[in-house]
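Enquirer: One structure, as structure tokens, below. Some questions next.
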Amino acid sequence: MEKREKERSEKSLLKLEQRLQDAEKLGFKLKYSKIFSLASQYAKDSRHYFEKGDFFTSFGCSDYAYGLIDALLIFEGKKGEFPE
């Protein structure tokens, strides 16, 4: 079971890191600095927990951050431009 949790957590974290890069290219880091900063901090937390082997918490952090960025993409009408 731990292998499955690790794979799911890693997949979520990598997807989040890519989505943060996409959002930064769209100017969200400046336009929505507080929300982008929160999402970035959750991404760092996710990486930290992943490296400690706490895959459940890592997944939770990355999922929350992904939701923040996803909301900005929806708000900006850009959601359909990025693959899931």
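Enquirer: Any residue in the stretch 40-56 that's more than 21 Å from residue 24 (Cα to Cα): show its pairings with residues that are part of a helix (DSSP H, G or I) and of a type outside the set (A, V, I, L, M, F, W, C) at Cβ separation under 6 Å, as long as the two are six or more apart or on different chains.
Expert: Filtered contacts from the stretch 40-56: 49/57; 49/58; 50/9; 50/58; 55/5; 55/6; 55/9.
Enquirer: Which count do you get for residues in the stretch 55-84 that are of a type outside the set (A, V, I, L, M, F, W, C) and closer than 12 Å to residue 9 by Cα? Before the answer, list the steps.
Expert: Kept after step one, since they are of a type outside the set (A, V, I, L, M, F, W, C), are these residues of the stretch 55-84: 57-58, 60, 62-64, 66-67, 70, 76-81, 83-84.
Now restrict to residues that are closer than 12 Å to residue 9 by Cα: 57-58, 60, 62-63.
Matching residues across the stretch 55-84 total 5.
Enquirer: Of the conditions (1) over 20 Å from residue 26 (Cα atoms); (2) more than 9 Å from the chain's Cα centre (by Cα), residue 73 fails just one. Which one is it?
Expert: Tallying (1) over 20 Å from residue 26 (Cα atoms); (2) more than 9 Å from the chain's Cα centre (by Cα), residue 73 fails exactly one: (1).
Enquirer: Could you list, in sequence order, the residues of the stretch 34-53 that are surrounded by fewer than 16 Cβ atoms within 10 Å (Cβ to Cβ) and either touching a Lys or Arg at 6+ places or on another chain (Cβ under 9 Å) or not basic (Lys, Arg) (or both)?
Expert: 37, 38, 41, 48, 51, 53
Enquirer: Go through the residues of the stretch 8-27 one by one and say whether even a single one is of a type in the set (Lys, Arg), touching a helix residue (DSSP H, G or I) at 6+ places or on another chain (Cβ under 6 Å) and surrounded by 17 or more Cβ atoms within 10 Å (Cβ to Cβ).
Expert: yes
Every number here is computed from the coordinates shown, using simple stated rules; none is lab data. For clarity, every value in this text was computed on a predicted model and none was experimentally measured. Ideal geometry is used to build each Cβ from the backbone, glycine not excepted, and the neighbour counts take in all protein chains shown.
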